[in-house]
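Everything below concerns the one structure shown next.
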Amino acid sequence: MKTVGSNKITQAICTILMVLVSTSLVFAYPPDNAAVLYYRASLNYTTNSTMEKKLLELIKGNISIDEEIKAYVQSNKNWIKQFVDAGESPNCDWGIDYSEGITLLMPPYAPIRNMARIVLAQAKISADSADYKQALDLCLSIHKAGAHLADGGLLISHLVGISLNSYANQCITDIIPQISDKPDMLIWLKSQIDDVSQKLPSVKAAVNRDIRICAQDIRRDKIDNIFEMLGEDVSEKQRQIIRDGDDAFFKASKEYFMEYLSDSLTAVDLPYPQSYKQLVKLREKPGIESKKNPNAIIAAHFAPATDKVICVDIKARTHFNAIKTALNLYIMRAKAGRLPDSLPVGLPMDLFSGKDFEYEKTKDGFVLRCRGKDLDKDEIHQYEFKVPK
């Protein structure tokens, strides 16, 4: 999908916001459509690139809260409230015109991501003041925003939503040890994590819609859009083939691309290791065949890296499972006074392998380690959880 300049984005957001507001009840708050509040917050929050980078380091655990962070978060308190309120709406229509094809205008992902960081900084501040319920509610609001973003059905929307999930899960992981002696709060948090993780939209739906949006522009009258999408990634020889293509060429190119979609959707449903390997082959196939088959040229450059997307999606869902498994262990510790020596049966699994996590008690707490590799990164993910002395 295509992005546009910041001025055009601002103008479009204002227009979309007016349309979205006009379709809501005039005096209803929060409005029926969560996108109204996300757009409003992303337009009005205090932008500061230096602070945005600093907040990311705070979320990662690389720095501590300081007075500068507190002041910046305080300056955005009204927009934090609107962002959090948006998460309580069950409906989120971003006003995307899918008929625009590959030139469609996306929601303001970067500002929304920046707002999410501000909300999580407030969560860190609340936790630092021992207001753990508020801190966790703020983290959960980021999960709700992630689901609202991913629900747009596009791959880029899905990936941005997952990035918000990752931020929130890191923050939750940092807060859990501080409530480890509060079984009621642990049980409440477990139910909340179960709920938000189940609402993470399907990556298959995102792949389906993304490819279909691209496919609708594989037409002779959309050749300018095609070249804009291809950029510099296509050779001059292939560019000339596209220029000279007749209606039959574009029809055959679209049929090839739709066959690619069908094969991709079938591969997505396979168990992770087989799915990844099959999707890698599919991603490489149009490029190889385009050397002899002109109808594969457009597909070779339009086909998304679905294999990489699957890895990111599995990682996000596995991270959720690690937190759910960890919460079960914290609850057992709160009731029995000690961590179990081995994982009980029936806990959420490592989705890279389809097996239970490897569980290791450490001097600081415990580690949950995946048994299957993230094949895109060629690494084993693990999740560390601390237990207070």
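Read-outs: derived from the displayed coordinates by stated rules, not from any lab. Given the structure is predicted, the values throughout are model-derived calculations rather than measurements. Cβ: placed from backbone, ideal geometry, glycine included. Neighbour counts: every protein chain shown.
Listing 39, 98, 260, 359 from fewest to most neighbouring C-beta atoms within 10 Å gives 98, 359, 260, 39.
State which entries of 182/355; 182/308; 81/377; 204/377 exceed 27 angstrom in Cα-Cα distance in the structure shown. It would help to have the intermediate numbers written out before the result.
On the way: 182/355 29 Å; 182/308 39 Å; 81/377 37 Å; 204/377 21 Å.
Over 27 Å apart, Cα to Cα: 182/355; 182/308; 81/377.
Between residue 343 and residue 363, residue separation times 0.36 nm minus the direct Cα-Cα distance comes to 5.5 nm.
The order of 217, 181, going from fewest to most other C-beta atoms within 10 Å of their C-beta, is 181, 217.
Peptide packing: for 118-124, 375-381, the average count of neighbouring Cβ atoms within 10 Å per residue gives the ranking 118-124, 375-381, highest mean first.
Pairs exceeding a 20 Å alpha-carbon distance, out of 144/324; 124/199; 324/361: 124/199.
A protection proxy built from the mean count of other Cβ atoms within 10 Å ranks the segments 337-346, 103-112, most packed first, as 103-112, 337-346. Simple spin-label estimate for residue 57 and residue 292 gives 5.5 nm between the two label positions (7 Å along the Cα-to-Cβ direction from each Cα). Say each of residue 49 and residue 237 gets a label point 7 Å from the Cα, pointing the same way as Cα to Cβ; how far apart are those two points in nm? That separation, rounded to one decimal, is 4.1 nm.
With a Förster radius of 45 Å applied to the beta-carbon distance between residue 212 and residue 371, the computed FRET efficiency rounds to 0.80. By how many degrees, 0 to 90 and rounded to 10, does the Cα axis of helix 203-215 deviate from the longest principal axis of the chain? Taking the Cα atoms of the chain, the angle to 203-215 is about 20 degrees. Number of Lys-Lys pairs in segment 208-304 with C-alpha atoms under 15 Å apart and a separation of 8 or more places or on different chains: 5.
Just subtract the alpha-carbon distance of residue 219 and residue 277 from 0.36 nm times their residue separation and send over the number in nm, one decimal.
Numbers: separation 58, 0.36 × 58 = 20.88 nm, distance 3.11 nm.
In short, 17.8 nm is gained.
Give me the distance between the Cα centres of segment 312-326 and segment 168-205, rounded to whole Å. About 10 Å separates the Cα centre of segment 312-326 from the one of segment 168-205. Here the translational diffusion coefficient of segment 276-388 follows from Stokes-Einstein with Rh set to the Kirkwood radius across Cα pairs; for 37 °C and 0.692 mPa s it amounts to 202 µm²/s.
Could you list 311, 214 in order of exposure, starting from the residue whose Cβ has the fewest other Cβ atoms within 10 Å?
Values: 311 21, 214 24.
Ordered by Cβ neighbours within 10 Å, fewest first: 311, 214.
When the P(r) is computed for segment 208-304, the part past 22 Å accounts for 25% of the Cα-Cα pairs.
If you take the Cα atoms of the chain, find Rg, then find the Kirkwood Rh from the mean of 1/r over all pairs, what is Rg/Rh? Let's see the in-between values first.
On the way: Rg = 23.0 Å, Rh = 22.8 Å.
Computed over Cα atoms, the ratio is 1.01.
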